[in-house]
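Each reported figure results from applying straightforward, stated rules to the coordinates on display, with no laboratory input. Fair warning: this is a prediction, and the values are worked out from it, not measured in the lab. Quick reminder, even Gly has a Cβ in these numbers, built from the backbone with ideal geometry, and neighbours come from all protein chains shown.
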């Protein structure tokens, strides 16, 4: 038993987090920063944070993740990190030559009260930022929110530092895709293209964190959202923000800053959320939905009906990030599954309300917790067993101990491939999710079937 | 036949090239950390600047003090509840990511390694102080798990807001009656992970070593220091030592337990693997308990044999000396067979190693056994003695960053100090050429006209590969994929790319096979599509 010390009896804990279902803000900010073309994320704090974030993103994507650090030592912690950041900005532009640096804080620089706005301003005034290049920033203390909040704050930082309203609308729609995989960003772009919307998507990590192997290494691949496109986001006719937790703040900031109206939607995971996304796209674009999209939707419906018997009534435990889990819960309910335990580590009571609302009247009681941990999830499972666990790589310990099928979903996934390349968003993503769920459920059925019941055809 | 290595550009030119793009100040500093090796009189080497601050903005391979303390040293111990006091990130990132394996003997034995414990500090804890939350967390951990010991690790903000974790530890130790101790291992201390190793080792030495006098039985009792059981290395060492009849009292800290540390003072010899992370513990154990120490290396089959012989020679017992020879004779045929298989593919090839604080040295032995040459190497967090040998220790300047790390004063223990060897024995061993507490360092072993680079960074790594095109590059996960994008196979030596073990005899065979796989892998020759290999279109298909 890997988690041999986890008791079935649940006691409320007020201070000890065991097996977290979240991590800290800066890693989200680093991921978001990588979605800008020619951007080097920079961690303002001691160098361990940067090393940890780079390692974790690298393990998840199996791709180079370059990011610099202010390398604080005790002196900087006492006297402030201004000198370190100024020196870093100068060195980064001379040695690595990025187009843009996206600086985020850590708990260290936040606690000592470094003011990024002032330091970056000083760097510009002192000529440390070459002409035409930019330094953007976000405040991401690790003791507030989670990695999702950090992602959201850096996307908001992009808007705050870059977006400008010239007074003339450019006819484009901004799409803020939220914390999804590079493959999902690609898929969202594909769908928007099919609908015929003229759009700017930011951030965009497709091609950055699922790039090719060619024999050449480019620290800044020819991918990501160009800074000038984010600047022009201030002239867009509207913004579709996907995900209340990871995208809404940026969209609302853009509205306040540049008068670009916004709509906040769920991440387009599953049938209904994808429907709403496409419906919103066709409304903003003033187009009708092409048959190709209807065809893909029909395929998804077809698979649901073909395999409904295997989904129906199955109990599922979920752990992950709020926006992802809200959309996933809705999809599982569409399949007539029962997401009975739902945990996110990211704080926010709205999450619990939303999950309860989705599950209301579906014939089962849902255990839901925001700011929970995976130890609690495991205890819930011990008290009420499930047929399936969906969550990140760390779920495999629970899955093995309790002998429950596990579908990897969310962040980080360190021990499987696919999440970088195959989307879970859109109708095609829905089919992929079902394929993964069916794969583990039917493998289990085959493994456990008595010989006389071991059948070739389902 | 002399080994033929492919010709490489002049190292002086390479060095110049590495420095060219830097701003003057950075170039001046890096010039002292990028050294052309030049070995004179067998062991005199140039001075290298090491253990100094990383320049802000430079993409370093280094981590932090917390990572060195909690992740590296305490990470591999299975029965201590390790609570990270801080925001959630540090605890999360040090959760099951170092591949320290452990084998709890029974279903009922304690094993907390798959758990991550954190106080998950929130902004109100930063404003009002986190001690109350830490006390509550320790109580909750105790109520839920009833461990024999709890360790507390400070993260950056804890030091800044001034939480007294040591006072909390003392208070809770008294209240709960189990051993509770704390580590002031805030990430900003020191210049690399190395400071964290030091802080961890000092506290383990102070709070745990010598706590248990229950006699440990065994004829030839040793401790293995500086072995962390990545990918099962310690399991292989345990197998080999047991086969020789040597009793392993403790390993610091791979596959270890609290009791192993607490009884470590009963061993008769300390064998030091990773010199960087733990040489001072060996020193302190000698002063306090009278246990002599020697440097060993179990990476490489020949090195393993040599280290076993050294241990046997120390004990000087014919029974052990004979047994060790028997074991070596039993283990070596498989090693030779493996070498015969891989050498046609590896001989003459080149490697670069940039890892840790001893691995970049130790793994050169394996490459040498395969007929490969290390053309550039360096450490992430070493000090000068790791490069140049212990003889330079008195000349190392202690700067402000190192002074922040506590040096503990040790005196002989009034009851437990026992000299393990008589003066005559020591004299005889010295006459036989036996050396205690010595480490000659990486550079004397490397050939002249190779590059030794401390704290390599992303820019220099890219340039090195471009200019010297090694056949294999060894580093960590952060470096892996940029190297591979350039078409060079990269071997992780911190996590072994989820392979291993590579220590001892079986480990050597694993490593040879792995390197053969890397240097013969077809994928590197498939990088270009046919139309890229031959872009000029000279004819078109005629379909009809």
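Please state, to two decimals, what the Cα-based radius of gyration of region A:342-458 comes to when divided by 2.2 N^0.38 Å (N = residues).
1.19
Against the 2.2 N^0.38 Å scaling, with N counting residues, where does region A:21-112 land? I'd like the Cα-based Rg ratio to two decimal places.
Cα Rg divided by the expected 2.2 N^0.38 Å: 1.04.
For a distance above 27 Å, tell me the whole-number percent of Cα pairs in region B:206-356 that qualify.
Of all Cα-Cα distances in region B:206-356, 26 percent exceed 27 Å.
Between rounded, prolate and oblate, where does region B:465-544 land on the alpha carbon gyration tensor, with a ≥ b ≥ c its root eigenvalues, rounded for a/c under 1.5, else prolate if a/b exceeds b/c?
prolate
First check a/c for region B:175-286, with a ≥ b ≥ c the square roots of the eigenvalues of its C-alpha gyration tensor; if it is under 1.5, answer rounded, and if not, answer prolate when a/b is larger than b/c or oblate otherwise.
oblate
Quantify how strongly other chains surround peptide B:129-137 by giving the mean number of their Cβ atoms within 10 Å of each of its Cβ atoms.
2
Which residues in region B:425-467 have a backbone N closer than 20 Å to a point placed 7 Å from the Cα of residue A:97 along the Cα-to-Cβ line?
Once the point is set 7 Å along Cα→Cβ of residue A:97, B:457-467 turn out to lie under 20 Å by backbone N, inside region B:425-467.
Quick one: if you stick a label point 7 Å off each Cα along the C-beta vector at residue B:124 and residue A:448, how many nm between them?
Rounded to a tenth, the inter-label distance reads 4.3 nm.
What translational diffusion coefficient, in µm²/s and rounded to a whole number, does the Stokes-Einstein relation yield for region B:136-213 at 4 °C and a viscosity of 1.567 mPa s, taking the hydrodynamic radius as the Kirkwood radius over Cα pairs?
Answer from the Stokes-Einstein relation: 97 µm²/s.
Could you please state, rounded to a whole Å, how far the C-alpha centre of region B:498-536 is from the C-alpha centre of region A:26-103?
31 Å
Short version: what are the Cα gyration tensor semi-axes of the protein assembly as shown, square root of 5 times each eigenvalue, largest first, in whole Å?
Calculated on Cα positions only, the semi-axes equal 47, 33, 30 Å.
Based on the Cα gyration tensor of region B:1-82, what are the three equivalent ellipsoid semi-axes, each the root of five times an eigenvalue, rounded to whole Å and given largest first?
Over the Cα atoms of region B:1-82, the semi-axes work out to 33, 22, 14 Å.
For chain B, take the longest principal axis of its alpha carbons; what is the angle in degrees between that and the long axis of helix B:359-369, to the nearest 10 within 0 to 90?
50 degrees
Could you tell me, in Å, what Rg and Dmax come out for the Cα atoms of region A:346-415?
When restricted to Cα atoms, region A:346-415 yields Rg and Dmax of 12.9, 37 Å.
For region A:37-179, go through all pairs of different Cα atoms, get the mean of 1/r, take its inverse, and jot down that Kirkwood value in Å.
After inverting the pairwise mean of 1/r, the radius is 16.0 Å.
What is the distance, in nm, between label points placed 7 Å from the Cα along the Cα-to-Cβ direction at residue B:466 and at residue B:302?
Each label point is offset 7 Å from its Cα along the Cβ direction, giving 3.6 nm.
If you take each beta carbon of peptide B:146-157 and count the beta carbons of other chains within 10 angstrom, what is the mean?
3
Relative to the longest principal axis of chain B, what angle (0 to 90°, nearest 10) does the C-alpha long axis of helix B:24-33 take?
With rounding to tens, the tilt is 80 degrees.
Quick one: length gained pulling residue A:252 to residue A:2 fully straight, 0.36 nm per residue minus the C-alpha distance?
85.5 nm
For B:94, B:525, which order do you get if you count the other beta carbons within 10 Å of each Cβ and list the fewest first?
Neighbour counts put them in this order, fewest first: B:525, B:94.
Could the peptides B:130-139, B:195-204, B:360-369 be put in order, highest first, of the mean number of other beta-carbon atoms found within 10 Å of their residues?
Highest to lowest by the protection proxy: B:195-204, B:360-369, B:130-139.
At 37 °C and 0.692 mPa s, what whole-number value in µm²/s does Stokes-Einstein give for the translational diffusion of region B:282-330, with Rh from the Kirkwood sum over Cα pairs?
278 µm²/s
For a footprinting-style exposure proxy, rank A:394, B:66, B:541 by other Cβ within 10 Å, fewest first.
Ascending number of Cβ neighbours within 10 Å: B:541, A:394, B:66.
Assuming a ≥ b ≥ c are the square roots of the Cα gyration tensor eigenvalues, decide whether region B:392-472 counts as rounded (a/c under 1.5), prolate (otherwise, with a/b larger than b/c) or oblate.
Oblate, because a/c is 1.5 or more while a/b does not exceed b/c.
How much of the calculated P(r) for region A:195-243 lies past 18 Å, in percent of all Cα pairs?
When every Cα pair of region A:195-243 is considered, 44 percent fall beyond 18 Å.
If you find the alpha carbon centre of region B:371-386 and of region A:246-291, how far apart are they in angstrom?
So the separation of the two Cα centres works out to 54 Å.
Based on a Kirkwood Rh over C-alpha pairs, give the Stokes-Einstein translational diffusion coefficient of chain B at 20 °C and viscosity 1.002 mPa s in µm²/s.
The Stokes-Einstein estimate is 87 µm²/s.
For region B:350-439, what Kirkwood radius comes out of the mean inverse Cα-Cα distance, in Å?
After inverting the mean inverse Cα-Cα distance, the result is 16.9 Å.
Could you state the orientation-averaged shadow area of the convex hull built on the Cα atoms of chain A, in nm² to one decimal?
Averaging across all directions leaves 24.2 nm² for the Cα convex hull.
Mind ranking A:198-209, B:402-413 by how tightly packed they are, going by the mean number of other C-beta atoms within 10 angstrom, highest first?
Taking the mean over residues of other Cβ atoms within 10 Å, the ranking is A:198-209, B:402-413.
If you average the alpha carbon positions of region A:433-457 and of region A:307-379, how far apart do those two centres end up, in angstrom?
Going from one Cα centre to the other spans 24 Å.
Going by alpha carbons, how many degrees (0 to 90, nearest 10) lie between the helix axis of A:182-195 and the longest principal axis of chain A?
In chain A, helix A:182-195 runs at an angle near 90 degrees to the longest axis.
Would you list B:543, B:293 from fewest to most Cβ contacts within 10 Å?
B:543, B:293
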